[in-house]
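Single-structure report; data block below.
Taken together, the values in this text are just the output of simple stated rules run on the coordinates, not laboratory data. Since this is a predicted model, take the numbers as computed values, not measurements. Here Cβ is always computed from backbone atoms with ideal geometry, including for glycine, and neighbour counts include all displayed protein chains.
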Amino acid sequence: MELGLTGRTALVTGASSGLGLGCARALAAEGARVVISARSADKLVEAAAQISDGLPDGTGEIVGYVVADVSIADDVLRLCDEAEAMVGSIDIVVPNAGGPPPGTFASTAVDAYPDALALNLLSTIGLCKRLIPGMQERGWGRVVAITSISVREPIDMLILSNTARAGLTGFLKTTAREVAADGVTVNSLQPGLHLTARLGAMADDHAALAAGVPANILGDPDDFGRIAAFLCSDSAKFITGAAIPVDGGSAHGLQ
């Protein structure tokens, strides 16, 4: 399927590995000119080279990278400025960030919440506030935020992530309705267990983890990226305000 992304510009955060890397790879393969961002310059250089080496001729490209910590508001603004300096206006933004530390209601202090909200809520709000107005002016734009399946079904021991990402989902849904008439779609993807380096560091027995997923497999970050790329396509212009689980059937809820 032709996604209509040739020549579009994209910014993907948290793109040095995992799901962000998969999204950047998929967008570039569909013809987009992509800027990637993360906190580590070394990992970004490696990721850019990895994506570029795997791209077929005549597709898009990784134009460059910006080192930034999206939990810092000034870094978010600088990131957008530097990305636009590389590619001009940004048509697509894929906000993504790692999760905050684990904890329960009892073990998590009140003063731990601001950092979690900065990382997993305010960072995406900052990106949207900075980039969506330009998309509205041009009459076309895509926001595809990466959240978590915990928004549908809170995960034990992850009270900070559950709280921040649920709040973000409310922001995205509200924003989607307000900007839909301007040709801008705002959606989120809710990943379950995917075979990323972070998951590998948390658990050695991947087979046991996969056995707990109805599909009996772990998610592939590149497959996840292709789902994100579809949501950025012209064919997906009527999908907005959606929060889509990508979890192999793990969540139990009807919605």
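Key figures
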item	result
By average C-beta atoms within 10 angstrom, highest first, the peptides 59-68, 105-114	59-68, 105-114
Cα long-axis angle, helix 221-231 against the chain (0 to 90 degrees, to the nearest 10)	50
Only Lys, Arg (+1) and Asp, Glu (-1) charged, at Cβ; the chain dipole about Cα centre in debye	580
Farthest toward positive dipole pole in segment 108-255 [+1 Lys/Arg, -1 Asp/Glu at C-beta], among Ile149, Asn120, Val213	Asn120
Ala215-Gln255 pseudo-label distance in nm [points 7 Å out on the Cα-to-Cβ vector]	2.4
Which of Val34, Ala15, Leu3, positive extreme of dipole for the chain (C-beta unit charges)	Leu3
Size of electric dipole in segment 200-255: Cβ of Lys, Arg +1 and of Asp, Glu -1, about Cα centre, debye, nearest 20	280
Residue-span extension gain [Phe105 to Ile244] - 0.36 nm each, minus C-alpha spacing	47.3 nm
Given charges at Cβ of Lys, Arg, Asp, Glu: segment 124-218 dipole, positive-most of Leu168, Leu189, Gly139	Gly139
Calculated [θ] (222 nm, deg cm²/dmol) that DSSP helices of n ≥ 4 give over the chain, each run adding -39,500 (n - 2.57)	-13000 deg cm²/dmol
Stretch gain in nm, segment Lys129-His206, where the contour uses 0.36 nm per residue and the Cα spacing is subtracted	23.8 nm
Label-to-label distance, nm, for residues given as Lys173 and Thr59 (7 Å Cα→Cβ offset)	3.5
Equivalent ellipsoid dimensions for the chain as semi-axes, Å, which come from the Cα gyration tensor, largest first	26, 21, 19
